[in-house]
Every structure is written in structure tokens, then in C-alpha cells.
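The values are calculated or read from the model by the stated rules, or taken from the named source; none is laboratory data. Owing to the predicted nature of the structure, the values given are computational and were not obtained by experimental measurement. Reconstructed Cβ throughout: ideal geometry from the backbone, glycine too, with neighbour counts over all protein chains shown.
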Amino acid sequence: MAGMTDERTRGDSPASLYGFCLRSLFRPYGWRFAARVAARHPWRTLRAFRAAATIDVNDGAVEVNSGAPAVRAAGPPSVVGAGFCLKPVNPPCPSGRANHDCGFLEHQAGRTGVSVPSACRACAIREIGTSALRAGSAFYVMTSARDILEDLYRPAIEDRRFPTGLFLLCRYSFRPFAAGALASGMRVRMLPLASGACSDYRTWLRADRGMKDEQTTVDEAGMAGVAGSLGARTPSHTIRCERRGNVLCPAADEAA
Ligand code: SF4
């Protein structure tokens, strides 16, 4: 639980969201968000930021709603996301670190006779991604704010593709992430990373650029939250997925 004290004391003020926005406005993510989300839905964006500013980031799990059906009541969320920082560093993830790739889920999971590589055995991405795909949810390894805008918010706005979502991310990101999701018409449940997470703008910005040496973790409460939202299917249920852009989606017969 190292780092938890910092995570509970920083970014607590609603003003932290507006500070985050001001700093981001002069970066590519900020003006892209303004053009692709805020300009299309200005009032919804305004409401989203007001709602996100009041989130209690110290809660174990936070759910925010733009009007879509409740994440759990509506069945498995349409998408599950987890930060790339959960990828193992020793031994390192064979798919690389600051990217959307999980070679195990894409090519090996659910195949008979395939042994799990040592790096993948205790990997939270594998565990969460497997649960998501088994439940019929898409799975997304989250990297930068810009990619989240293009891969999640934009499809949510343009195609209503991701009305509900479950995400594991640092508490520091709860408010800005919730603001973007609400402005995009999503209903999301956020679970905090337990240790190693970013707790201020400087470390967040480095991670956003792919510079994140620490491996983050999900604690028992977090994994219980994942299981609670995704439900249980038989462990032997095979996984077949196809990659659409940066998102892994259950193959057609899996999603049925
Ligand atoms: S299971 Fe984890 S370690 Fe293995 S390829 Fe996927 S992200 Fe990398």
C-alpha cells in the first residue's frame, strides 16, 4: 500500500480538477478535447466538469453517470480499462510497456496447450483482461490521455460504442477521467490502483508520455470490485478476441 497516504492527500480539492484543466489546455490533449468533445456538447461538458469536481477521490470505488444504465444493473460494462503501468517490469512484459498491447490476451489466452510466459503469470492486465473478455466486455490497456480521447471518448460520442465502463486508474486521474467520460455520455465505475500510482501533475504527465518505471498494483478490494462488476463465468470458458484499433473486443461468438 505504499503511496496510499500521498494518494489520499493530494488532488483532494475540487480546485485540483480546474488546475489540471488549465495545465492541459496548452497541451495537444487539451485542445483536442475542446474540439472533439466540448465543442460538440458544451452544456453536457460543463455539467460533467461540475459533477467531476465534487467526486470524493478517497472512496474505494466511484461511479459517475451521464444517464446511461447503471454499470452493474445493465450487466457487464461495455468496456474495461486498466493502466499500462500495471504491466510487469521484472521480468518485463514481452509486449513492451507504454502501449496498448497484450500479446498474451491477443494470441495465447484460451488456447489449449499454451503455457503462460513467466512475466504474464502474475500480471494484473492478464487477470483483468481475461475476466473482461470472458464477461463479454471489450478490454483496453490505457496509455495517454490523448489515446483515451481517441479510443474511448470519441467512439462513445460518435457511435454510442461505450455507454458503460469499468476502469482501474490512479486516484489522481479520477476527476479528469470522469469529466471526459461524462462529457462523452458514458457511465463509468472507477477503481483505484493500490500502489505506485501517480499522485500529482508532474508524475501524471511523465506517465502520460510513457515514462513510468514503477509497476502499479491492484489490491484485493480492487480485484473484488472487478469481479463484482464482471460477474463470474466458468474458468474453462475460452477466450477469443479481435483487436479493433487499440481495443481488444470479444470475438462475435464470445460476445453473444
Ligand atoms: S499478460 Fe501482462 S505481461 Fe503478459 S503480455 Fe499481457 S500485459 Fe504483458
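Brief remarks on what is shown
- Answer residue from region 124-148, given it is assigned to a loop (DSSP other than H, G, I, E, B) and of a type in the set (S, T, N, Q) and is nearest to the chain's Cα centre (by Cα) among those: Thr143
- Failed criterion for Val141 (all others in (1) away from the ligand (no atom under 12 Å from the Cβ); (2) touching a helix residue (DSSP H, G or I) at 6+ places or on another chain (Cβ under 7 Å); (3) not polar (S, T, N, Q) hold): (1)
- Qualifying residue in region 211-227 (condition: of a type in the set (Lys, Arg) and either assigned to a helix (DSSP H, G or I) or surrounded by fewer than 23 Cβ atoms within 10 Å (Cβ to Cβ) (or both)): no
- Out of Leu168, Leu152, one residue alone is within 30 Å of Asp213 (Cα to Cα), within 16 Å of the ligand (Cβ to nearest atom), among the aliphatic types (A, V, I, L, M) and under 14 Å from the mean Cα position of the chain (by Cα). It is Leu168.
- Scanning region 113-123 for residues that are polar (S, T, N, Q) and not in a loop (DSSP other than H, G, I, E, B) yields a total of 1.
- In the set (1) buried (at least 21 other Cβ atoms within 10 Å of the Cβ); (2) farther than 15 Å from Met142 by Cα; (3) modelled with pLDDT under 95, the condition left unmet by Arg240 is number (1).
- Boolean, Gly136 is away from the ligand (no atom under 14 Å from the Cβ), over 19 Å from Leu86 (Cα atoms) and modelled with pLDDT under 90: no
- Any hit, region 107-124, residues being out of contact with any strand residue (DSSP E or B) (no Cβ under 7 Å at 6 or more places or on another chain), away from the ligand (no atom under 16 Å from the Cβ) and farther than 30 Å from Arg36 by Cβ: yes
- Residue match in region 149-172 (condition: assigned to a loop (DSSP other than H, G, I, E, B), touching a residue at least 24 places away in the same chain (Cβ under 8 Å), touching a strand residue (DSSP E or B) at 6+ places or on another chain (Cβ under 9 Å) and on the phi > 0 side of the Ramachandran plot): no
- Identity of the residue in region 89-106, closer than 16 Å to Arg240 by Cα and in contact (Cβ under 8 Å) with a residue 40 or more places away in the chain, that ends up nearest to the ligand (Cβ to nearest atom): Cys102
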